[in-house]
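Reading through the structure tokens given below for one structure.
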Amino acid sequence: MMYYVFQTILFQLLFLVAYDLFLKKDTFFNYNRVYLLVTSVLSLVIPFVKIEGFNKIIPTSYMVALPEVLIGNTGQVASEASRFNGDWSVSVGAIANLYVLVSVVMLVFFLIKLIKIIRIIAVNPKTKEDGLTIVTLKDSDSAFTFFNYVCLGDMLSADQIQHVLAHERSHANDKHTLDLLWFEVLKIGFWCNPLVYLYQNRISNLHEYIADHNAVKVGKTEYYQQLLQQVFSVKNCAFINPFFKQSLIKKRIIMLQKSKSNQTQLIKYLLIIPMVLGMLVYSSCSNEEPVSKDSDNNQIIPTVMTIVEDVDVDDARNLEIEVPFSKLDQSPMFEACQSITGKSEQKKCFSDQVTRHIATNFNTKLGKDLSLVKGVKRINVMFRIDKDGLVYDVKARAPHPDLEIEAIRVINSLPKITPAMHEGKTVNVTYALPIIFKIN
């Protein structure tokens, strides 16, 4: 879930940066509106899209997750690791509950504001005019639109009403309220994402620019005068379209005076194509699949690439693609495990031998030599055993480069291994190994 939220925020950031850099200053207001609405949806959908063709750009492999290797003060490390995992689970649960609680509170506030708007419309006198419902607000100089309801204060002058009504009619006809409600829903579900608020701000500004350009046809000079007059008091509500909004009036006047953008500038909207393609490649080549298990309860963790369920052994040998671990006739074995016949016992023996080798050969003095901060250090290692039983392609990730070098050295020093077998032929196998290093 967290990875999905991260991708959503990343994609929204890219879309908004492109909008602010290339599209925001143009007068293609309706196109910009479509851009913001479409990209807000795409940012939510793309993380779920997995295109197999993109996924196969990089070869497929399997990793067998070995148990953690504890070095240093192993008893204390195991205790601390267990306590950490327990505390982490509790923390994640608490954060999830807090997130849901805030979303519920946001929903309640949204419903309260919505009920207030509905009540205002219900209790005030209404008249019909050209498909719109004009709501007269008693003792008020406010003006706003909610769907087809145009609310006008009875303290507005006849000239003001003429221009305000033309402006609000544009909001109602173009269904601008739906846009704002959509972003209200996003704010409830993604309240911690600041980009949703930026999206709503951008779309709200566009609504005003669109309505201004439609309303200015009534009389440009008089319309400017209305905008420059003292702003009316308007309730702060994110899903209505108020006529007067003090912070936006200057921008609206600038946009009204701006020359119409050249049609050739429309080509900039094609930027969305490579952006979406890049996001699809990123999403398709990313995988957050849960860990699956084979019949012997050994964890089989797919890499971020597409999983190949069936693969020809000859192809696997030529292309160095591993056969799924659960399908192996015989897993890799050390000499000490040769006398063991059961598959599950062979796998356990292999794991025990790797653990013993690392615990014996890992230089535990590194913590002191490197002046590392006391505590538990996690080193993630990945390595392969080829069809000749040799260890190769060892990679490590650790808090310090020297810990990575040491982990790679130790794994490379593993004794020769009897390779894995499938249908009488040797095949490659990839392993993932976490090393927990306690520094006192």
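Rule-based calculations on the coordinates, nothing more; no lab input. The shown structure was predicted, so the numbers you read here are calculated from the model rather than taken from an experiment. Glycine also receives a Cβ, built like all others from the backbone with ideal geometry; neighbour counts cover every protein chain displayed.
Here the peptides 408-420, 370-382 are ranked by packing, the mean other Cβ count within 10 Å, and the order with the highest first is 408-420, 370-382. Counting Lys and Arg as +1 and Asp and Glu as -1 over every other residue whose Cβ lies under 10 Å from the Cβ of ALA398, the net charge comes to 0. For a straight C-alpha distance cut-off of 28 angstrom, the lysines reachable from LYS260 (same-chain residues fewer than eight places away being disregarded) are LYS24, LYS25, LYS175, LYS217, LYS220, LYS245, LYS250, LYS251, LYS268.
Peptide packing for 342-353, 390-401 was compared via the average number of neighbouring C-beta atoms within 10 Å per residue; ordered from the highest value, the list is 342-353, 390-401. Peptides 136-147, 153-164 ranked from most to least packed, by the mean per-residue count of other Cβ atoms within 10 Å: 136-147, 153-164.
Residues with beta-carbon under 12 Å from that of LEU433, excluding LEU433: net charge, scoring Lys, Arg +1 and Asp, Glu -1? The answer is +3. Each residue of the stretch 38-49 is assigned a 3J(HN,Hα), and the resulting list reads 5, 5, 5, 6, 4, 5, 8, 8, 4, x, 8, 7 Hz, derived from the Karplus form 6.51 cos²θ - 1.76 cosθ + 1.60 (θ = phi - 60°), x at Gly and Pro. Placing a label point 7 Å from the Cα of LYS343 along the Cα-to-Cβ direction, the residues of the stretch 405-440 whose backbone N falls under 12 Å of that point are 421-423.
In order along the stretch 96-107, phi translates into HN-Hα couplings of 4, 5, 5, 4, 5, 4, 5, 4, 5, 4, 4, 5 Hz, rounded to whole numbers, per the Karplus curve 6.51 cos²θ - 1.76 cosθ + 1.60 with θ = phi - 60° and x for Gly and Pro. Annotation: lysines with alpha-carbon distance below 18 angstrom to LYS138 (same-chain offsets under eight excluded): LYS116, LYS126, LYS128, LYS235.
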